[in-house]
Amino acid sequence: MEIKSAEFIKSSTDFKMCPEGKLPEYAFIGRSNVGKSSLINMLCQQKNLALTSSKPGKTLLINHFLINKKWYLVDLPGYGFAQTGKETRKKLIESIRNYILFREQLICLFVLIDARHEPQKIDLEFMEWLGSNSIPFCIVFTKTDKLSASQIDENIENYRQKMLEDWEQLPPHFKTSSYKKTGREELLNYIEEINRSLTMQ
Ligand code: GTP
Ligand code: MG
């Protein structure tokens, strides 16, 4: 899919403040620092559309980016970031949770996982929660530039084995590097296919 336009529309603290209308949206979630905002920039081929930082906890609001005037990419705050105060963290978790559960326009959530790491409890529990609430999601393995091709496959296979303890299969998954700009076509084509099926309904 070609991205002809990508514009920042709004930052919201709460799902009720998110843009009105019925356009479909695809949101990125995962631990702080996993590379959500960088991935959005890579997909849109813009350097600073979504703000990134080497320090975790950069994105603290629900950010909507309108793509080709037809659908949204949504950058969410990361989870598992302990540096903020307890109250702030509680509010943040509540706001992400409500967005995921109640935002009707949310078509698919992309759960980002750092391809270098062993399966982490916080991600597995989060996906369990998605499953128990029937939220459709995919996995995106990020920062693959830090690994060799064989290490990536080994780590993904390891992830599959771990998930098969609780799931029948691994959900659709993608391998990306925002630095090397890999995985872009695959991810965008996936979204395009869903968008197409939605307009046929
Ligand atoms: P929060 O907003 O804090 O939740 O973080 P985030 O998930 O949005 O991460 P962000 O995109 O801000 O990136 C965090 C750090 O990881 C930055 O230093 C990025 O440069 C780096 N990073 C992001 N993507 C990649 C990648 O594909 N490869 C490598 N090597 N580093 C990356
Ligand atoms: Mg971010």
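Values in this text are rule-based calculations from the coordinates and carry no lab data. Everything quoted here is computed from the prediction, not taken from an experiment. Heads up, the Cβs are rebuilt from the backbone with ideal geometry, glycines too, and the neighbour counts pull from every protein chain shown.
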Only one of (1) under 27 Å from residue 188 (Cβ atoms); (2) within 14 Å of ligand 1 (Cβ to nearest atom); (3) touching a residue at least 40 places away in the same chain (Cβ under 8 Å) is not met by residue 102, so which one is it? (2)
Confirm whether residue 73 is more than 9 Å from ligand 2 (Cβ to nearest atom), touching an Asp or Glu at 6+ places or on another chain (Cβ under 6 Å), farther than 22 Å from residue 121 by Cα and not in a loop (DSSP other than H, G, I, E, B). no
Considering only the range 19-52, state which residues are near ligand 2 (Cβ under 9 Å from one of its atoms) and farther than 25 Å from residue 127 by Cβ. 51
Looking only at the range 141-170, which residues are surrounded by fewer than 17 Cβ atoms within 10 Å (Cβ to Cβ), not in a helix (DSSP H, G or I) and not small (Gly, Ala, Ser)? 164, 165, 166, 167, 168, 169, 170
Please find, within the range 68-82, the residue that is farthest from ligand 1 (Cβ to nearest atom) out of those that are out of contact with any helix residue (DSSP H, G or I) (no Cβ under 7 Å at 6 or more places or on another chain) and under 23 Å from residue 182 (Cα atoms). 68
Selection within the range 1-53 - within 20 Å of residue 183 (Cβ to Cβ), basic (Lys, Arg) and assigned to a strand (DSSP E or B): 31
